[in-house]
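Asks: To start, I am sharing the structure in question, which I have written as structure tokens.
The values are calculated or read from the model by the stated rules, or taken from the named source; none is laboratory data. Since we're looking at a predicted model, the values are computed, not measured. Positions of Cβ are generated from backbone atoms using ideal geometry, with glycine treated the same way; all protein chains shown enter the neighbour counts. For accessibility, only protein heavy atoms count, side chains too; no ligands or nucleic acids. Shrake-Rupley method; radii C 1.70, N 1.55, O 1.52, S 1.80 Å.
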Amino acid sequence: MTLILRVSGRVLREEARVSGRRKEEAFLAKIIVVTSGKGGVGKTTTAAAFSAGLALRGHKTVVIDFDVGLRNLDLVMGCERRVVFDFINVINGDAKLNQALIKDKRNDNLFIFPTSQTRDKEALKREGVDRVLAELKESFDYIICDSPAGIEHGAITALYFADCAIIVTNPEVSSVRDSDRIIGILNSKSRRAERGETPVSVSLLLTRYAPDRVTKGEMLTVDDVKEILSIPLLGVIPESESVLRASNTGTPVVFDGESPAGHAYLDAVARFLGEQRELRFLKPDRRGLFRLIFGRA
Amino acid sequence: MAGNLVQGALFTVMVIRAGLLRDPAFDTELAEQVRRSPRFFKNAPVVLDLKAADGFGEVAEFAAAREILRRHTLTLVGIQNALPAQFEAAAAAGLASFAPNAREPSRRVRPEPEPAPEREAPAPLPPASPVGRTRLVTEPVRSGMQVYARGGDLVVLAPVSPGAEVAADGHIHIYGALRGRALAGASGDKDARIFCSRLEAELVSIAGRYLVSEQLPADRLNLAVQIALVDGRLTVTPN
Ligand SMILES: Nc1ncnc2c1ncn2[C@@H]1O[C@H](COP(=O)(O)OP(=O)(O)OP(=O)(O)O)[C@@H](O)[C@H]1O
Ligand SMILES: [Mg+2]
């Protein structure tokens, strides 16, 4: 059994297992990796929403695209036409940090660090990444790392320096299994693990949750997933068409006040910052049905 | 000395593809694995799988392979999938032959080794008492992870995920759900048992006998059970 007390920037790992309570430790989380193992589950969407959410709460935040070669984050953040230098240029010393960072037009606290589309993931040299992250730590409250899918070099580099990990999982068996795998890797291959420090604080974000399909038994329930992964739950993001609209217009979904997914992300950010928030959007949306009946979109 | 001169036993042995030995990354990768779980690899037996491997027709090549593995604390004990010429050279190098091989001079190739028949007469010697100590795991064993308690029991205080594998030469106790694989008596101890608080396993095995998920008795699923080998059959009883 895992008790979730609180997942926050000042992280309390608090797990009561059969063996009894585990020692409580607090540390200041700066580097947050958004990871999943499986592809296409919503990591980039989450990295964008979460960083924007932290910025909206007044924290100076930078979101880095570790998905070298694919480069999706700048599109989702809507700054693709302002990219001059990228993460790899800075790692290689070809550009300065402030030449590559892009300031968000909607929020002064938010910065985007795009990646290269022409290079491959091998270009992520660990020492270089270490140096860049150390420099970012000086001036940012939070550094969000958008990991590529998989469990190879790119994904390992993205999680290696993390203090916290947000495990993005969809309510289906293969996604849960890959998340489980990546949690094992965080526990063994992260820098914190290698150095024997306080382990990376890992929490679960269940995304693309479709309550009607869960009710029909086509998808796993929140409890199923929590039970298998046995890590604290940070939030549940409903499946919502507003997400696609948001990424197509280059707007993190938290900027859409109408979007249930946006609200669910803001709740998750609040929980991350230590607040208590009830889980929402776990039941099928009756209003949607209503609108359908009355023929309104 | 009468009777029971030779007894059958089943063992878990690591198999390494012969071709890998020539891979430049092999040395560092194996070293890394050994570094991570030194107890697992210490003096562990290895079988070289010669399937599709070029060469290995000379005794010297086997000696070299033995030397490479020795450096990583592993002991080369035999070969598998050998062609006749490779088979001769391996035998000359003092290596045992593990089925299947392309042609073996003296033994019939069996697709799957049958466990030794249960004997009526009591064994002349009790099996050596396990020397290893109990291994305790407090964190969930997650997909892709392997935990092996060599020479002793394994106690896991958390769930074992689908896609994870726990093994022990002795008993396995899981104070949580068993959703992956569990192999007790991995070196052949037929008295080993598996205990778990919730049975959802992909596979359970004792001394080489195993049941896969769909063979598990449906009325025992999701229950706290113990699994034992009784008269050569795996039995699952509620706790
Ligand atoms: N809550 C949601 N509701 C509806 N669609 C979603 C939701 N979250 C993500 N999506 C959609 O799923 C697709 C994949 O999302 P995203 O690119 O964020 O995944 P990813 O994990 O970063 O993928 P990759 O592994 O390729 O990097 C996108 O089309 C996105 O719009
Ligand atoms: Mg992505």
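Asks: Any idea how far apart A:GLU138 and A:GLU218 come out in nm if each label point goes 7 Å out from Cα toward Cβ?
Replies: About 5.3 nm, to one decimal.
Asks: Given 37 °C and 0.692 mPa s, how large is the Stokes-Einstein diffusion coefficient of region A:27-79 in µm²/s, with Rh as the Kirkwood radius over Cα pairs?
Replies: On the way: Rh = 12.0 Å.
Estimated via Stokes-Einstein, D reaches 274 µm²/s.
Asks: Related question: Under the rule of at least 5 residues apart or a separate chain, name every residue whose amide H is placed under 5 Å from the amide H of A:THR207.
Replies: A:THR169, A:ASN170, A:ILE237
Asks: Once the whole set of protein chains is in place, how much accessible area is left on B:PHE87, using a 1.4 Å probe, in Å² to the nearest 10?
Replies: B:PHE87 has an accessible surface of roughly 20 Å² with all protein chains in place.
Asks: Would you kindly compute the Cα radius of gyration of region B:124-239 and its largest Cα-Cα separation (Dmax), both in Å?
Replies: According to the Cα coordinates of region B:124-239, Rg and Dmax are 12.9, 42 Å.
Asks: What FRET efficiency do you get for B:GLN226 and A:HIS153 if R0 is 56 Å and r is their Cβ-Cβ distance, rounded to the nearest 0.05?
Replies: Numbers: r = 43 Å, r/R0 = 0.77.
According to the calculation, E is roughly 0.85.
Asks: Whole-Hz ³J(HN,Hα) for each residue in region B:182-195, computed from phi via Karplus 6.51 cos²θ - 1.76 cosθ + 1.60 with θ = phi - 60°, x for glycine and proline: what do you get?
Replies: Karplus-based 3J(HN,Hα) across region B:182-195 equals 9, 10, 9, x, 5, 9, x, 6, 6, 8, 5, 10, 10, 10 Hz.
Asks: Moving to a separate point now. What pairs in A:LYS30/A:LYS121; A:LYS43/A:LYS216; A:LYS43/A:LYS283; A:LYS226/A:LYS283; A:LYS121/A:LYS226 have C-alpha atoms more than 21 Å from each other?
Replies: On the way: A:LYS30/A:LYS121 23 Å; A:LYS43/A:LYS216 26 Å; A:LYS43/A:LYS283 23 Å; A:LYS226/A:LYS283 17 Å; A:LYS121/A:LYS226 32 Å.
Among A:LYS30/A:LYS121; A:LYS43/A:LYS216; A:LYS43/A:LYS283; A:LYS226/A:LYS283; A:LYS121/A:LYS226, the Cα-Cα distance tops 21 Å for A:LYS30/A:LYS121; A:LYS43/A:LYS216; A:LYS43/A:LYS283; A:LYS121/A:LYS226.
Asks: Restricting to Cα pairs below 8 Å that are 6+ residues apart, what does the relative contact order work out to for chain A? Please round to a whole percent. Can you show the working numbers first?
Replies: Details: 617 pairs, mean separation 69.5, N = 297.
In percent, rounded to a whole number, it is 23.
Asks: Per-residue mean of other chain beta-carbon atoms within 10 angstrom of the beta-carbon, peptide A:179-186? All intermediate terms of the calculation are to be shown ahead of the outcome.
Replies: Details: counts 3, 13, 7, 3, 6, 10, 4, 1.
The per-residue average across the peptide is 6.
Asks: Give me the number: length gained by fully extending B:MET14 to B:ARG39, i.e. 0.36 nm times residue separation minus the C-alpha to C-alpha distance, one decimal in nm. Don't jump to the answer; show the numbers that get you there.
Replies: Numbers: separation 25, 0.36 × 25 = 9.00 nm, distance 1.40 nm.
Fully extending the segment from B:MET14 to B:ARG39 adds 7.6 nm.
Asks: Next up: Note down the relative contact order for region B:2-97 as a percent, whole number, built from C-alpha pairs under 8 angstrom at least six residues apart. Before the final figure, lay out each step's value.
Replies: Values: 118 pairs, mean separation 27.2, N = 96.
So the answer I get is 28 percent.
Asks: Principal axis lengths of chain A from Cα atoms, whole Å, largest first?
Replies: 57, 53, 33
Asks: Rounded to the nearest 100 Å², what's the accessible area chains B and A bury against each other, both chains counted, probe 1.4 Å? Let's see the in-between values first.
Replies: Details: alone 14090 and 14100 Å², together 26900 Å².
For B against A, buried area totals roughly 1300 Å².
Asks: Taking amide H positions as placed in the peptide plane 1.01 Å from N, state which residues far from B:MET14 in sequence (5 or more) or on other chains have amide H under 5 Å from it.
Replies: The answer is B:VAL47.
Asks: Taking the Cβ-Cβ separation of A:LEU282 and A:GLU241 as r and a Förster radius of 25 Å, what is the calculated FRET efficiency to the nearest 0.05? Can you show the working numbers first?
Replies: On the way: r = 18 Å, r/R0 = 0.73.
About 0.85, to the nearest 0.05.
Asks: 7 Å from Cα along Cα→Cβ at both A:GLU122 and A:ARG106: what's the point-to-point distance in nm?
Replies: 3.8
Asks: In sequence order, what are the phi-derived ³J(HN,Hα) couplings for region B:145-158 according to the Karplus relation 6.51 cos²θ - 1.76 cosθ + 1.60 with θ = phi - 60°, rounded to whole Hz, with x for glycine and proline?
Replies: Computed from phi, the couplings for region B:145-158 are 8, 10, 10, 10, 9, 6, x, x, 8, 10, 10, 10, 9, 7 Hz.
Asks: Debye sum, Cα scatterers, region B:195-239, no solvent: what log₁₀ I/I(0) at q = 0.28, 0.30, 0.33, 0.34 1/Å?
Replies: Taking Cα atoms of region B:195-239 as identical point scatterers yields -1.09, -1.23, -1.40, -1.44.
Asks: Largest first and to the nearest Å, give the Cα extent of region B:2-97 along each principal axis.
Replies: On the principal axes, region B:2-97 reaches 49, 33, 19 Å in Cα extent.
Asks: Among the lysines, which have Cα under 19 Å from the Cα of A:LYS125 when same-chain residues fewer than 8 positions away are ignored?
Replies: A:LYS96, A:LYS137, A:LYS189
Asks: Among A:ARG119, A:ARG191, A:ARG181, whose mean-square fluctuation peaks in a Gaussian network model of chain A (Cα, cutoff 10 Å)?
Replies: Comparing A:ARG119, A:ARG191, A:ARG181 in a Gaussian network model of chain A, the most mobile one is A:ARG119.
Asks: In whole angstrom, how far apart do the alpha carbon centroids of region B:133-201 and region A:45-83 sit?
Replies: If we compute the Cα centre of each part, the gap is 42 Å.
Asks: About the Cα centre of region B:2-97, how large is the charge dipole given +1 on each Lys and Arg Cβ and -1 on each Asp and Glu Cβ? Please answer in debye to the nearest 20. Each step should come with its number before you reach the end.
Replies: Numbers: 10 positive and 10 negative charges, 97 e Å.
For this selection, approximately 460 debye.
Asks: Using label points projected 7 Å from each Cα along Cα→Cβ, tell me how many nm separate A:ASN92 and B:LEU136, to one decimal.
Replies: Here the answer is 5.2 nm between the modelled labels.
Asks: Can you say what percent of the DSSP beta bridges in region B:2-97, counting only those with both residues inside, are antiparallel? Round to 5.
Replies: On the way: 0 of 11 bridges.
If I count the DSSP bridges inside region B:2-97, around 0 percent turn out antiparallel.
Asks: Would you mind telling me which residue in A:LEU266, A:LEU220, A:LEU233 has the biggest mean-square fluctuation in a Gaussian network model of chain A, where springs connect alpha carbons within a distance under 10 angstrom?
Replies: Ranking A:LEU266, A:LEU220, A:LEU233 by mean-square fluctuation puts A:LEU220 first.
Asks: Could you pull out every residue, at least 5 positions away or on a different chain, whose amide H is within less than 5 Å of the one on B:TYR148? Hs are placed 1.01 Å off N in the peptide plane, and Pro or chain starts have none.
Replies: Hits under the 5 Å cutoff: B:ALA167.
Asks: So what's the gap between the Cα centers of region B:60-98 and region B:212-237, to the nearest angstrom?
Replies: First find each Cα centre; the distance between them is then 38 Å.
Asks: So which lysines pass the test for B:LYS190, namely a Cα distance under 30 Å, with those fewer than 8 places away in the same chain ruled out?
Replies: Counting by Cα, and skipping residues close in sequence, B:LYS190 has these lysines nearby: B:LYS42.
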